[in-house]
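Below is one structure, written out as structure tokens, with a few remarks after it.
The values are calculated or read from the model by the stated rules, or taken from the named source; none is laboratory data. Keep in mind the model is a prediction, meaning the values are calculated, not measured. No Cβ is skipped: glycine too gets one built from the backbone with ideal geometry, and neighbour counts run over all protein chains shown. Side chains included, ligands, DNA and RNA excluded: accessible areas come from the protein's heavy atoms. Shrake-Rupley method; radii C 1.70, N 1.55, O 1.52, S 1.80 Å.
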Amino acid sequence: MRIISFAIPCYNSASYMNRCVDALLPFGNDVEIIIVDDGSTDDTGKIADRYAAQHPDVVRVIHQENGGHGEAVNTGIKNAAGLYFKVVDSDDWLDEPGLAEVLQTLKTLIADNSAPDMMVCNYIYEKLAEGTRHVINYNNVFPRHQLFTWDDMRKFPPWKYLLMHSLIYKTQLLHECGLNLPKHTFYVDNIYAYQPLPFVKTIYYLDVDLYHYFIGREDQSVNESVMLKRIDQQLLVTRIMIGCHQFPGNISSKRLSSYMLGYLAIMMTICTVFLRISGTQEANTKERELWSFLISCDNGLYRHALIRFLRMVTTLPGNSGNKITIGLYNIARKVYKFN
């Protein structure tokens, strides 16, 4: 049985994808590596085919027309044969000793008929150009090395949330929750780390530094100038996340509900910050439309205390309010290294 299927979305990744793939190969038939060549125009497809020829029992390659990161993830989910599923972006990589521990832990849990719906591990922001790294762990939020439910977790601190990098889902759960990420859209990893959560009933937190998240390319989606250009895609993702709260009866845990509302508030704040950095009349209109959309979908979400607090911070009047908003963003960026 394949324990984990790893999907590697690739678009013109020829210059850096080897590190990602090579870190997964040592684990043989415990893993499945699905390289999704998303319409690349460089040698990505050839490199992927070479891996498949050399490791036919482990590596599968799917060539498709360019659909963006979300469509590549969709393709990975549709074709995954493993019990669990994880996305590894082609410029990132996994820690080999950490992955060995993940696989052994899952094997033990499966043998005990206590396989969790979701496993959580730590991830590391790698800023190689600066020679800095920043580990995000969850040992002040989740019980360590044991099976638990949402009601057993503690409150998340500001700017620490579950991201795609930290999550390993049961593959079947991703099918059951109806996850279908939009095409040609960046920042869909937020949907991936949000929509399935109400379907997760059991969780296991393994306190290992598993995922190395590379930050530094000029064209990277978390680059500030790139985020400004792609603000409409950030807005679309946030609207989809708002829609996740309209699924009837899904969010049964009060602690999960509080967490999801907090995450949504952060997304609303990020959108507001970048619209204000843009500073155009069009951006002002989009800001009003986003908050109006939230109110029209669920007035209770809008009234939630955390969102109301963040709304107050990001609507201080005049230029001074904008400066405070941007200042808060810059401080958070330096401290938490999310950009």
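Taken over the stretch 80-101, residues that are outside any loop (DSSP other than H, G, I, E, B), closer than 14 Å to Lys170 by Cα and among the hydrophobic types (A, V, I, L, M, F, W, C) amount to 2. The residue that is least open to solvent (accessible area, probe 1.4 Å), among those in the stretch 237-250 that are at pLDDT below 80 and of a type outside the set (Phe, Trp, Tyr), is Asn250. Just checking, does the stretch 45-67 include any residue being within 21 Å of Met118 (Cβ to Cβ), open to solvent by less than 20 Å² (accessible area, probe 1.4 Å) and in the same structural domain as Pro116 (by the TED database)? So far as the stretch 45-67 goes, no, none of its residues is within 21 Å of Met118 (Cβ to Cβ), open to solvent by less than 20 Å² (accessible area, probe 1.4 Å) and in the same structural domain as Pro116 (by the TED database). Working carefully through the options Lys78, Lys86, find the one that is open to solvent by 30 Å² or more (accessible area, probe 1.4 Å) and not β-branched (Val, Ile, Thr). Testing whether each residue is open to solvent by 30 Å² or more (accessible area, probe 1.4 Å) and not β-branched (Val, Ile, Thr) leaves just Lys78.
Do you know which residues across the stretch 82-93 are in contact with a Phe, Trp or Tyr (Cβ under 6 Å, 6 or more places away or on another chain) and closer than 18 Å to Asn18 by Cα?
Initial filter on the stretch 82-93 (in contact with a Phe, Trp or Tyr (Cβ under 6 Å, 6 or more places away or on another chain)): 85-86, 88, 91-92.
Those that are in contact with a Phe, Trp or Tyr (Cβ under 6 Å, 6 or more places away or on another chain) and closer than 18 Å to Asn18 by Cα: Lys86, Val88, Asp91, Asp92.
Beta carbons closer than 6 Å, at least 6 apart along the sequence or on distinct chains, pair a first residue in the stretch 131-154 that is in the same structural domain as Tyr205 (by the TED database) with a second that is of a type in the set (Gly, Ala, Ser) and loosely packed, with under 15 Cβ neighbours inside 10 Å for Leu147/Ser114.
For the residues Arg60, Arg50, the requirement of being without any contact (Cβ under 8 Å) to a residue 40 or more places away in the chain and within 24 Å of Lys183 (Cβ to Cβ) singles out Arg60. Pairing each residue of the stretch 274-294 that is loosely packed, with under 11 Cβ neighbours inside 10 Å with any residue that is modelled with pLDDT under 90, provided the two are 6+ apart or on different chains, yields no C-beta distance under 8 Å. Within the stretch 143-182, the only residue that satisfies the criterion of being of a type in the set (Gly, Ala, Ser) and in a loop (DSSP other than H, G, I, E, B) is Gly178.
When Thr108 is tested against (1) farther than 14 Å from Tyr204 by Cβ; (2) free of Cβ contacts under 8 Å to residues at least 12 places away in the same chain, just one condition goes unmet, and that condition is (1).
With respect to Val120, is the statement that it is open to solvent by 10 Å² or more (accessible area, probe 1.4 Å) and over 22 Å from Val21 (Cβ atoms) true?
Criteria not met by Val120.
Note on the stretch 1-40: residues that are in a loop (DSSP other than H, G, I, E, B), crowded, with 19+ Cβ neighbours inside 10 Å and of a type in the set (D, E, K, R) total 0.
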